Each structure stands twice: as C-alpha cells, then as structure tokens.
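Novice: This is the structure, below, for whatever I ask next.
The values are calculated or read from the model by the stated rules, or taken from the named source; none is laboratory data. Remember, predicted model here, so these are calculated numbers, not experimental data. Here the Cβ positions follow ideal geometry from the backbone for every residue, glycine too, while neighbour counts run over all protein chains shown. Surface areas here come from the heavy atoms of the whole protein model, side chains and all, with no ligands, DNA or RNA. Shrake-Rupley method; radii C 1.70, N 1.55, O 1.52, S 1.80 Å.
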Amino acid sequence: MKKASLILDRNYVVGPVDRRLFGSFIEHLGRAVYGGIYEPGHPEADEQGFRRDVLSLVKRLNVPVVRYPGGNFVSGFRWEDSVGPRENRPKRLDLAWMTTETNEVGIHEFADWAKKADTEIMYAVNLGTRGPDDARNVVEYLNHPSGSLYSDMRIKNGRRDPFGVKLFCLGNEMDGPWQMGAKTAEEYARTACEAAKLMKWVDPSIELVACGSSSSRMPTFGDWEYRVLSECYDHVDYVSLHRYYGNPDGNTEDFLASTMDLDEFIKTVVSICDAVKGKKHAKKRVNLSFDEWNVWYHSHKQDKELKKRDKWGRALPLLEDVYNFEDALLVGLMLITFLRNADRVKIACMAQLVNVIAPIMTRNGGGAWAQTIFYPMMHASALGRGESLTPRIECERRDTRHYTDVPMVDAAATVDENGGVTIFAVNRDLTEDACLSVDLRAFKSFTRMKQTTLHHDDVNAVNTELAPNTVAPTQHPEAPFTGEIRLGRASWNVIQLY
Ligand code: AHR
C-alpha cells in the first residue's frame, strides 16, 4: 500500500464555503424540463405536473441554487412568452438546440417548482438577441412590488408577491459563435455594463454575473475577461467560468488529471479579476461563478444524429450522458478543486440537474434514478460546510498524457461550526490503495471517524433504471480515528472526524 500524508491546521483557512458552491442548472433543453422535472400524467406527478420522484432526488442533493432558463437557450428567449395563461403562450423555434419550445413551463411554474425543491433561482437574462431594456423589464416583473407595467402584469398573472430573485446572469457564453447574438468583447462589455446598471437601478439588492469566456480553450479566453471586467467592474459581482471534461480516448489516468487544468483555469481568472481591480484602484473584489461544469462527451455522437433526424422536435433526449464510475471520480475531484478555491469561487452550478448531462435520469412514464455522479455531489453539498482548510498533501506524483506532476491523492477539507472536520479525498491510483496519515495541527484531538466511499472495480460501470445501485456509496461503520485512513484504489472518500 502506498503512503500519503495530509496536514491540516485550524489556523490555515482558505475561506468560508458559500453554500452556492453546490448549485445546479436547468435549461429549456432536451428533457430537462419536459419529461424531467415536469411530466403531467406521470404516476408520480403532483397537481401541477411536477414529478415527485424527481423532486425527492433533487432534495437529496440539497441544491441551494438552480440556474435557469439557459444556457444557449436563453440567448433567443423572450421571457414574456413564458408568462400569462398557458393557452396564449406561443410555441417558438429554439435556434440554440433546433427544437420547439412550447412554454408550458415558464417563470411562475418554475418558481413553484423551485419552492418545492427548496432552492433559489439564478436567472439568466437574454443579452444575445435582446438587451438592457428587456433585462431591466424582467427584473421589474420578478422583483418590483407593484404599481408598474411589469410588476402589475405579474400580479395579474397570479403572483402578488415579488419572486425576489437575488442572482442574475448577464447572458450566456457570449463569445461563442454558436450563441444567438454572439458578441465581441467590446460589444458584450458595453451591453452587459448598461444592462447591469439598469437592472440594479430597478432592484439594488440583486447580484450580477458577467459572462467570462465560454471556456478556457476559446481563443478569446483571458483577453475577453480582461476587457469585459475593465468595462463592467463596478457594476458586477462575479465573472462566469464554464468547463466540461471528457475521456473520448479511454485514458482514465489522463482524464482524472483534468482537475490540474481546472485549478489553473480558476487561478488565471482570479489573476485577471485582481489585475483589473489593481488597474482601477478598486476596493471591491469580483469573485468567480463557475456556473457550468461537469463531464460531457458520452452523448455527442447520438445528439448529432438526433438533431438531424428530428429537427424542431419537442423535448428530445438530447445531451443524455450516461455517467460511469470514473466520471464520478472526476466530479469528486472537481468538487475538491472548488472547495480548495472557496475564497474566490462562490457559486458553482453542476450542468445540469435532470436528464441533460445530469446526476438524475428519468424515463418518460417510467422511473427516476441517481447516476454515478450524483453521489460526490450529494456528499459535498451535505458536508462541505463552514470553512475550507488549506490542505498540505504529500504523495506520489505522476505524469499523464497531458499533465505533469499529478498527485495520486487529492483532497480538500472543511471545518463546520461545531468544530467537526470533513475530509474529501480521491485516490487517483487505479491499482493501489493508499494509507493517508492525517496530521491535524491546532485542532482538538479527534477520536472517532465515519468514512463513506464510492468505488467500483470497473471504471465503466453505470447505473440504470433496472440496476440503479450498481455504483453506490458504502458507509463504513463508525470507527476509532487513529490518524491513518485507508483510501482504496480509484475511490472517492468522505471522512468525518469528531
Ligand atoms: O449545458 C449545456 C450547454 O453548454 C449550455 O446551454 C451552454 O451554455 C454550454 O455550451
């Protein structure tokens, strides 16, 4: 068994963990809404058509915030289409996904669902085909008490109290050529700045996320963030990051090392935010909203065929990645990376929540089940509370195809308000267990531990409707804490010390 060590010191704190680090995302895309959260006529549907089985899985994930309604979809979306009597709502061609949007579920219905799911809404406004005027109108519709055109329209549509949405995205991936109304950095910066000003004039209590580049791989990356923030710095609170990883070549070691890239990405965006802060002599700090992240590649081929075959279809099974065990390990490693950067990453939304590259899958008219990636997300959301600690890890390091010096053991740790410590750790080694010795400096002594692990001998193992527990966590019996913890090969581990 390999040796590894972890030092945690009560005085070395990264920062407080914002609950919104465990957020999610629902886009009007594929079967996320129709056939996902909403399926009237399903045996599990409630009086509004929301699936109770899906809601109970969402509640197990304990999701603090859900980004809505897109994604690429939002760049052509007219929010007015989605309010008022259902029979009057138009069917529109969605040019983002080449499907038809029926608007059966709109702002009011989604807010009702969010309440049932115990979550808040992070609302994205359309800065693709629309601009500042519509952005301020939707804030008025959502948040203004009454006595104006849009607030009174909301009341007429059945909702007296404001929705009280506190967090807004200023468009989505606006540097992407695939985006409706894609923009240059200058065009976006001016539009976002003016939209932000107007939105905050309507409701000064809201927080705003400016679009960063749609991925660190974009040629625009870096320069885009710098230009956009230089223009909008005073008006926005966060800049967005999006990143998806995949393993199309079946190189698991390399795939599991992808969080080296993620960490670098975060640190680069932090530097850009702080460079603009310095240039502007600003006191305020702009933080990071990692509002799309996950593994995404399994469904690419199938989606191409589906889009060709059923152009303008409704609720097509798009982006339905079936996640395997190694994906769960990578998701665990991504969560570890967010926790270790909790001083600057304040919001993170796993993309997405149901059916579309999601931890929860459903069958129309059938069951709902947890994919492999559900579990690290559930654990981190439940136990990643309080303050994130600075971990000092010593272990074997290896090179993979794209990365050098990859630590075989990766970890993050939090201390909660009662002084309990939780360690989240992944053993990347596919063949050998590790013995992790933990040195807890300046902490009271811990005598007991609870360990939960996620492991499967086959990295390609998946959960299905008929075999939903193929990859599921094992909760080990509570045991004395000796200072050493065994991390099985290829495993996600959650260790609670008390
Ligand atoms: O989450 C799926 C898509 O990925 C989103 O619509 C878009 O923002 C990103 O490219």
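Novice: Quick check: is even one residue across the range 414-424 over 15 Å from residue 329 (Cα atoms) and among the small types (Gly, Ala, Ser)?
Specialist: Yes; the residues of the range 414-424 include at least one that is over 15 Å from residue 329 (Cα atoms) and among the small types (Gly, Ala, Ser).
Novice: Give the residues of the range 8-39 that are more than 15 Å from residue 122 (Cβ to Cβ), of a type in the set (Phe, Trp, Tyr) and touching a Leu at 6+ places or on another chain (Cβ under 9 Å), sorted by residue number.
Specialist: Matches in the range 8-39: 12 only.
Novice: Taking only the range 192-250 into account, find how many residues are within 16 Å of the ligand (Cβ to nearest atom), assigned to a strand (DSSP E or B) and open to solvent by 30 Å² or more (accessible area, probe 1.4 Å).
Specialist: Residues meeting the conditions: 1.
Novice: Which residue, of 374, 290, is open to solvent by less than 10 Å² (accessible area, probe 1.4 Å), within 16 Å of the ligand (Cβ to nearest atom), hydrophobic (A, V, I, L, M, F, W, C) and within 21 Å of residue 414 (Cα to Cα)? Steps first, answer last, please.
Specialist: On the way: 374 fails: within 16 Å of the ligand (Cβ to nearest atom).
On inspection, the qualifying residue turns out to be 290.
Novice: Now for a separate question. Hand me the list of strands (runs of 3 or more DSSP E) wholly inside the range 61-159 holding 1 or more residues that are hydrophobic (A, V, I, L, M, F, W, C), over 30 Å from residue 383 (Cβ atoms) and open to solvent by 10 Å² or more (accessible area, probe 1.4 Å).
Specialist: On the way: elements: 65-68, 92-94, 99-101, 120-125.
Counting at least 1 such residues, we get 92-94.
Novice: Any residue in the range 337-360 that is in contact (Cβ under 8 Å) with a residue 60 or more places away in the chain and open to solvent by less than 10 Å² (accessible area, probe 1.4 Å) sitting within a Cβ distance under 6 Å of a residue that is assigned to a loop (DSSP other than H, G, I, E, B) and more than 16 Å from the ligand (Cβ to nearest atom)? List the pairs, counting only those 6 or more apart or interchain.
Specialist: 339/384; 342/17
Results for (1) in contact with a strand residue (DSSP E or B) (Cβ under 9 Å, 6 or more places away or on another chain); (2) at pLDDT below 95; (3) aliphatic (A, V, I, L, M), shown as yes or no for each residue.
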| position | (1), (2), (3) |
| --- | --- |
| 267 | no, no, no |
| 301 | no, yes, no |
| 324 | yes, no, no |
| 331 | yes, no, yes |
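Novice: Among the residues of the range 6-20 satisfying the criterion of being farther than 30 Å from residue 57 by Cβ and in a loop (DSSP other than H, G, I, E, B), which is nearest to the ligand (Cβ to nearest atom)?
Specialist: Top of the filtered list is 12.
Novice: Can you tell me how many residues in the range 160-182 are within 16 Å of the ligand (Cβ to nearest atom), outside any strand (DSSP E or B) and in contact (Cβ under 8 Å) with a residue 12 or more places away in the chain? Before the answer, list the steps.
Specialist: First, the residues of the range 160-182 that are within 16 Å of the ligand (Cβ to nearest atom): 168-182.
Subset that is outside any strand (DSSP E or B): 171-182.
Add one more test, that the residue is in contact (Cβ under 8 Å) with a residue 12 or more places away in the chain, and what stays is 171-176, 178-182.
Going through the range 160-182 one residue at a time, the tally reaches 11.
Novice: Another question about this same structure. Would you confirm whether any residue within the range 251-262 is in a helix (DSSP H, G or I), free of Cβ contacts under 8 Å to residues at least 40 places away in the same chain and either surrounded by fewer than 20 Cβ atoms within 10 Å (Cβ to Cβ) or in contact with a helix residue (DSSP H, G or I) (Cβ under 9 Å, 6 or more places away or on another chain) (or both)? Give the steps one after another, and end with the answer.
Specialist: Here is the first cut: in the range 251-262, the ones in a helix (DSSP H, G or I) are 252-256, 259-262.
Narrowing further to those that are free of Cβ contacts under 8 Å to residues at least 40 places away in the same chain: none.
No: the range 251-262 contains no residue that is in a helix (DSSP H, G or I), free of Cβ contacts under 8 Å to residues at least 40 places away in the same chain and either surrounded by fewer than 20 Cβ atoms within 10 Å (Cβ to Cβ) or in contact with a helix residue (DSSP H, G or I) (Cβ under 9 Å, 6 or more places away or on another chain) (or both).
Novice: Now, a different point. Among the residues of the range 340-371, which ones are within 16 Å of the ligand (Cβ to nearest atom), out of contact with any Ser or Thr (no Cβ under 7 Å at 6 or more places or on another chain) and in a strand (DSSP E or B)?
Specialist: Of everything in the range 340-371, those that are within 16 Å of the ligand (Cβ to nearest atom), out of contact with any Ser or Thr (no Cβ under 7 Å at 6 or more places or on another chain) and in a strand (DSSP E or B) turn out to be 348, 351, 360, 361.
Novice: Can you find a residue in the range 381-391 that is open to solvent by 10 Å² or more (accessible area, probe 1.4 Å), farther than 15 Å from residue 19 by Cα and either not in a loop (DSSP other than H, G, I, E, B) or not small (Gly, Ala, Ser) (or both)?
Specialist: Within the range 381-391, the subset open to solvent by 10 Å² or more (accessible area, probe 1.4 Å) is 382-383, 385-387, 390-391.
Within this subset, residues satisfying the condition of being farther than 15 Å from residue 19 by Cα are 390-391.
Cutting the leftovers down to either not in a loop (DSSP other than H, G, I, E, B) or not small (Gly, Ala, Ser) (or both) gives us 390-391.
Within the range 381-391 (the criterion being open to solvent by 10 Å² or more (accessible area, probe 1.4 Å), farther than 15 Å from residue 19 by Cα and either not in a loop (DSSP other than H, G, I, E, B) or not small (Gly, Ala, Ser) (or both)), the answer is yes, since at least one residue qualifies.
Novice: Assuming residue 279 fulfils every condition listed in (1) within 16 Å of the ligand (Cβ to nearest atom); (2) surrounded by fewer than 23 Cβ atoms within 10 Å (Cβ to Cβ) apart from one, which condition is it?
Specialist: Only one criterion in (1) within 16 Å of the ligand (Cβ to nearest atom); (2) surrounded by fewer than 23 Cβ atoms within 10 Å (Cβ to Cβ) is unmet by residue 279, namely (1).
Novice: State the number of residues belonging to the range 21-57 that are open to solvent by 50 Å² or more (accessible area, probe 1.4 Å) and in a helix (DSSP H, G or I). It would help to see each step written out before you state the result.
Specialist: First, pick out the residues of the range 21-57 that are open to solvent by 50 Å² or more (accessible area, probe 1.4 Å): 40-41, 43-44, 47-48, 52, 56.
Keeping just the survivors that are in a helix (DSSP H, G or I) gives 52, 56.
Within the range 21-57, residues that are open to solvent by 50 Å² or more (accessible area, probe 1.4 Å) and in a helix (DSSP H, G or I) number 2.
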